[in-house]
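Report on one structure; see the data block that follows.
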Amino acid sequence: MARKPFIAGNWKMNMTVESGKKLIEELKPLVKDANCTVALCVPAILIPEMTKAAAGSNISIGAENVHFAASGAYTGEISAAMLKDYGVKFVIIGHSERRQYFGETDETVNKRTLTALENGLTPIVCVGETLSQRENGETEKVLDTQLETGLKGVEDATKLIIAYEPVWAIGTGKTATDEQAQETIAYIRKKIGQLFCPKCAEKVIIQYGGSMNAANCKGLMAQPDIDGGLIGGASLKLDFATIVNYDK
Ligand code: 13P
């Protein structure tokens, strides 16, 4: 069964209204014939203006996080309803930077994922091991826990996207090799098969993320289990269009 590839940018805490609009205007003609789903997940405060800038194009504007409560005393957080107000479809959940700097755990990832799904948003759930965990041979164990806890109670795994982002490859210029990424993503797919069903495993879209760029995207995308990318640094420039057009 063919899975439609999905290339998403993660702007993290970068860009302003002006620079973001300029980039989107420049990207629009370059990505218009993409054969994959294209999204840019941007800082929440930029969502309204970036949505306007991307209107009428094949670039979908997504979010970088969502809170699990419908509303309430959660200073600084953004609810699913607020994202839906602006037509957001995709939301990154559990990025390793959120886990590392903002106390995100597999439990909060789980709550946010369930809330996103209940609200019709597509979560991009991030998983991945640190360098020491890989070196200690713990990669599979770490992924097992992240997937078992993070996706607990999810009814239909095909309604979410998984991003495999080895922490040691994020922002370091040290990409996983094609083989490392393929092997680990194949493991994640197998695990989804065990946790949900074999058909779900076949259907679920799994992205690779971590120093993916215009030069290495073709090799990564040629791997049978890699269905796309979650792009940090390279999504802040026109290189993003080269990645989106990896098959041309
Ligand atoms: P880089 O592409 O900058 O390594 O970031 C990857 C990432 O964290 C995407 O979510």
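The values are calculated or read from the model by the stated rules, or taken from the named source; none is laboratory data. Note that the coordinates shown come from a computational prediction; the quantities given were computed from them, not determined experimentally. Using ideal geometry, Cβ is built from the backbone for each residue, glycine included, and neighbour counts are taken over all protein chains shown.
Before moving on, here are some points about what is shown:
- Against the numbered list (1) surrounded by fewer than 19 Cβ atoms within 10 Å (Cβ to Cβ); (2) under 17 Å from C197 (Cβ atoms), N136 comes up short only at (2).
- Residue match in the range 203-212 (condition: farther than 27 Å from S79 by Cβ, within 16 Å of the ligand (Cβ to nearest atom) and assigned to a helix (DSSP H, G or I)): no
- Members of the range 153-187 found to be crowded, with 17+ Cβ neighbours inside 10 Å, more than 16 Å from the ligand (Cβ to nearest atom) and hydrophobic (A, V, I, L, M, F, W, C), listed by number: V154, A157
- Some residue of the range 225-238 being crowded, with 20+ Cβ neighbours inside 10 Å, within 12 Å of the ligand (Cβ to nearest atom) and part of a loop (DSSP other than H, G, I, E, B): yes
- Pick from the range 193-248, criterion of a type in the set (V, I, T) and out of contact with any Lys or Arg (no Cβ under 8 Å at 6 or more places or on another chain), ranking: farthest from P123 (Cα to Cα): T242
- Restricting the range 87-119 to residues that are in contact with an Asp or Glu (Cβ under 9 Å, 6 or more places away or on another chain) and away from the ligand (no atom under 16 Å from the Cβ) leaves a set whose member that is farthest from A8 (Cα to Cα) is D106.
- Single match in I47, I61, I24, I93 (criterion: among the β-branched types (V, I, T) and in contact with a Pro (Cβ under 6 Å, 6 or more places away or on another chain)): I93
- Scanning the range 112-119 for residues that are surrounded by fewer than 17 Cβ atoms within 10 Å (Cβ to Cβ) and basic (K, R) turns up nothing.
- For the range 213-224, filtering for residues that are away from the ligand (no atom under 11 Å from the Cβ), assigned to a loop (DSSP other than H, G, I, E, B) and under 27 Å from K22 (Cα atoms) leaves 2.
- Just one of the listed residues (T149, T139, T158) is without any contact (Cβ under 8 Å) to a residue 60 or more places away in the chain, closer than 23 Å to H67 by Cβ and not aliphatic (A, V, I, L, M), and it is T149.
Okay, residues lined up against (1) modelled with pLDDT of 95 or more; (2) farther than 22 Å from R3 by Cα:
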| position | (1), (2) |
| --- | --- |
| G137 | yes, yes |
| T175 | no, yes |
| A181 | yes, no |
| K191 | yes, no |
| I205 | yes, no |
| I226 | yes, no |
| K237 | yes, yes |
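- Test: residue in the range 177-199 that is under 17 Å from the mean Cα position of the chain (by Cα) and in contact (Cβ under 8 Å) with a residue 60 or more places away in the chain: yes
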